[in-house]
Every structure is written in structure tokens, then in C-alpha cells.
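Structure first, commentary second.
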Ligand SMILES: [Cu+2]
């Protein structure tokens, strides 16, 4: 399990009205965090596991920092890349769908081409940008781990 924190950028804040709204809301919630840039935008808790037959189950919980309110109706994608063979079979974007009944939790099931260790990169695109990484070890094809 990885807990990653992403930071909102200046470009995002100046080009996206909802980015400004989010920053304003977060500033209200945390009086001490009045910094205009570099404020924490989202916390992504990423889990990735091999479920057998080269299939990887990805689950991500997205919450607002401080309040830990689930971030719902987000647009989120994943990329997988084999660590020992960078970019040779990179896959994505893989769309993660919000799990019914689990607000702020997103999941996807994907295939990797061969046994090995993979980097799973999660990209939260809407309503605010955030990124997180998790490693998953995909061993013998039939194994469930
Ligand atoms: Cu490979």
C-alpha cells in the first residue's frame, strides 16, 4: 500500500476555474494553509495486486487532505510499466471507475504482458490533478497473491 500526496500547480490554478474553487475551499478549511501554490490537493491511497493469470486489480481511494472527505465523480486513469523493461510495454491510460457504494474509491482490472515487477502510476485528472505510484509484483502466471 502506498499513500501519496500530490500538489496542485500554478498552471492548473490559472487555467481551471474548478481548481481555484478547490484551492479556495481547502484554504477555508485550513486557515494555516494560506499558501497560494504548493498546497496539498488530494491524497491517493493506491493498492495493486496480482489476482492471477497476469491480471492486476487496482484500487484507489481518493480523499481531500485534512478533511478526508472522499473525492467523488473523479476522472482517474492508470498506467502500468514493467520496471525491468522501462517503456517496452507501457500500457494506459486505463480508466478507473468509481466503485458503487464506496464513495471516493476507484478500481480497474487490467492485464500485463509478462511476469515481472510493475510500476502502477495513478493519475487523478478531475476535479483536480494528483499523481501516485505503487509497485506490484506479478509472479507465476497462475498464482493468486
Ligand atoms: Cu517485460
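Within region 117-130, the residues that satisfy the criterion of being outside any loop (DSSP other than H, G, I, E, B) and buried (at least 16 other Cβ atoms within 10 Å of the Cβ) are 118, 119, 120, 121, 122, 123, 124, 130. Suppose we filter region 88-114 for residues that are surrounded by 15 or more Cβ atoms within 10 Å (Cβ to Cβ) and closer than 13 Å to residue 55 by Cβ; how many remain? Of the residues in region 88-114, 6 are surrounded by 15 or more Cβ atoms within 10 Å (Cβ to Cβ) and closer than 13 Å to residue 55 by Cβ.
Residues in region 11-18: is at least one modelled with pLDDT of 95 or more, surrounded by fewer than 19 Cβ atoms within 10 Å (Cβ to Cβ) and not in a loop (DSSP other than H, G, I, E, B)? Break it down stepwise before answering.
Residues of region 11-18 that are modelled with pLDDT of 95 or more, as a first pass: none.
Within region 11-18, none of the residues are modelled with pLDDT of 95 or more, surrounded by fewer than 19 Cβ atoms within 10 Å (Cβ to Cβ) and not in a loop (DSSP other than H, G, I, E, B).
Test of understanding: among 101, 66, 92, which residue is modelled with pLDDT under 95, more than 12 Å from the chain's Cα centre (by Cα) and away from the ligand (no atom under 13 Å from the Cβ)?
On the way: 101 fails: modelled with pLDDT under 95; 92 fails: modelled with pLDDT under 95.
That would be 66, the only listed residue that is modelled with pLDDT under 95, more than 12 Å from the chain's Cα centre (by Cα) and away from the ligand (no atom under 13 Å from the Cβ).
Being over 25 Å from residue 43 (Cβ atoms), within 16 Å of the ligand (Cβ to nearest atom) and surrounded by fewer than 19 Cβ atoms within 10 Å (Cβ to Cβ) is the filter here; which residues of region 131-145 pass it? So that I can check it myself, show each step before the final result.
Initial filter on region 131-145 (over 25 Å from residue 43 (Cβ atoms)): 138-145.
Now narrow it down to the ones that are within 16 Å of the ligand (Cβ to nearest atom): 138-141.
139, 140, 141 - these are the residues of region 131-145 that are over 25 Å from residue 43 (Cβ atoms), within 16 Å of the ligand (Cβ to nearest atom) and surrounded by fewer than 19 Cβ atoms within 10 Å (Cβ to Cβ).
If only one of 51, 56 is more than 16 Å from residue 132 (Cα to Cα), part of a strand (DSSP E or B), within 16 Å of the ligand (Cβ to nearest atom) and more than 14 Å from the chain's Cα centre (by Cα), which one is it?
On the way: 51 fails: within 16 Å of the ligand (Cβ to nearest atom).
The unique qualifying residue is 56.
Collect the residues in region 69-87 that are within 16 Å of the ligand (Cβ to nearest atom) and assigned to a strand (DSSP E or B), keeping them in residue-number order. Residues satisfying the conditions are 79, 80, 81, 82.
The values are calculated or read from the model by the stated rules, or taken from the named source; none is laboratory data. If you're wondering where the values come from, they're calculated on a predicted model, not measured in any experiment. Cβ atoms come from the backbone with ideal geometry, glycine included; neighbour counts cover every protein chain shown.
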